[in-house]
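Shown next, in structure tokens, is the structure this report addresses.
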Amino acid sequence: MAEVLVVVESAAGAVKKVTLEMLTLARSLGEPAAVVLGAPGTAAALADKLGEYGATKIYAAESEEIDGHLVAPKATALAQLVQRVSPAAVLIGSTQEGKEIAGRLAVKLDNGLLTDVVELAADGTATQVVFAGSTIVKSKVTRGLPLVTVRPNSLTPTPAAASPAVEAVEVSLSKSDTLATVVKRVAEAKGARPELTEASIVVSGGRGVASAENFKIIEELADLLGAAVGASRAATDSGFYPHAFQVGQTGKTVSPQLYIAVGISGAIQHRAGMQTSKTIVAVNKDTEAPIFELADFGVVGDLNAVVPQASEEIRKRR
């Protein structure tokens, strides 16, 4: 069975959820082989988790040059590996960096590319959700191998224990690969709440929250549930909450077990970023709000009364 290369996304020595999703998908296509691109020692820290989710081999393309420059060295390393092992497919996370690596890789290989894929069949047919989630299309790469970027939160990652062998990959870089150098890295400050795109519970506020000050009731409910906080585009554009927490077509895509939409009307732009959530609860005073069409449970009422009551009830049951 041919290998399926999965380009590993990680942060602070931990494997990101999208990588686990891709390993799960890769198992249905061939033999999952994880590709680690980074500084020396990166693969060793990730090996156990990658093996837990089915990686049968880990290709470690590690060097100070790969870590010390932008994405060009990563694309070159990946291109050389693809040409050597001839995989059945290449899966890359549909993140900002992942999409750039994929684009450069497609050019280097003279290969087709599909982005934001949510499903990939064994014959290379990809499923993509387009036009803010209103249309589903089936696509295929017609030139080269299936090279796709996988949309985060497209499927539920499932473990399948394996004992991966680690193989060091020698990379030959050209001068053009090292023209942009990383001179400084600043770690984003993390709070106690889980990462928005990887949280199992998300509580999001919309325009109906009415102010930045009032977002405290959203944060309070989220903290009681151990949830991440999200916001609609209307809320972030109004300055109620930072844009980094925007959920939607032009924000982040989430697919938690529970999504609570508070004061969010349910415009198609927002729905595109959360409609695959397993259970959706909506709180809105407008009985005609589109979010109720998508919700599994709906509460019609003033969020300023409903949310504090819910928070108080949770406290009683803890």
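The values are calculated or read from the model by the stated rules, or taken from the named source; none is laboratory data. Keep in mind that what you see is a predicted model, and the values were worked out from it rather than measured. Here the Cβ is made from the backbone with ideal geometry for all residues, glycine too, and neighbour counts use every protein chain on show.
Structural remarks
- Qualifying residue in the range 58-69 (condition: of a type in the set (Ser, Thr, Tyr), over 24 Å from Asn153 (Cα atoms) and surrounded by fewer than 22 Cβ atoms within 10 Å (Cβ to Cβ)): yes
- Failed criterion for Tyr259 (all others in (1) of a type in the set (Phe, Trp, Tyr); (2) crowded, with 23+ Cβ neighbours inside 10 Å; (3) more than 20 Å from the chain's Cα centre (by Cα) hold): (3)
- Leu46 being free of Cβ contacts under 8 Å to residues at least 40 places away in the same chain, buried (at least 19 other Cβ atoms within 10 Å of the Cβ), part of a helix (DSSP H, G or I) and in the same structural domain as Val117 (by TED's automatic domain parsing): yes
- Candidate set: the range 179-212, residues that are at pLDDT below 95 and polar (S, T, N, Q); chosen: the one farthest from Ala305 (Cα to Cα): Thr181
- Filter result (part of a loop (DSSP other than H, G, I, E, B) and at pLDDT 95 or above) within the range 72-112: Ser86, Pro87, Ala88, Asp110, Asn111, Gly112
- Cross-chain or 6+ apart pairs with Cβ under 6 Å, the range 133-158 first and within 27 Å of Leu81 (Cα to Cα), then of a type in the set (Ser, Thr, Tyr) and at pLDDT 90 or above: Lys140/Thr125; Thr149/Ser94; Thr149/Thr115; Val150/Ser94; Arg151/Ser94; Pro157/Thr24; Thr158/Thr24
- Asp123, sole failed condition from (1) more than 22 Å from the chain's Cα centre (by Cα); (2) surrounded by 14 or more Cβ atoms within 10 Å (Cβ to Cβ); (3) part of a loop (DSSP other than H, G, I, E, B): (2)
- Listed conditions (1) of a type outside the set (Phe, Trp, Tyr); (2) under 20 Å from Val150 (Cα atoms); (3) surrounded by fewer than 18 Cβ atoms within 10 Å (Cβ to Cβ) are all met by Arg84, apart from (2).
- Among residues of the range 51-71, those that are among the aliphatic types (A, V, I, L, M), at pLDDT 95 or above and not in a loop (DSSP other than H, G, I, E, B), counted: 3
- Checked against the criterion of being modelled with pLDDT of 95 or more and either in the same structural domain as Glu21 (by TED's automatic domain parsing) or among the basic types (Lys, Arg) (or both), the range 290-307 has no qualifying residue.
- Criterion applied to Glu198, Glu167, Glu220 was being touching a residue at least 40 places away in the same chain (Cβ under 8 Å) and within 22 Å of Val300 (Cβ to Cβ), and the one residue passing it is Glu220.
- Flag for Val129 being assigned to a strand (DSSP E or B), modelled with pLDDT under 90 and surrounded by fewer than 21 Cβ atoms within 10 Å (Cβ to Cβ): yes
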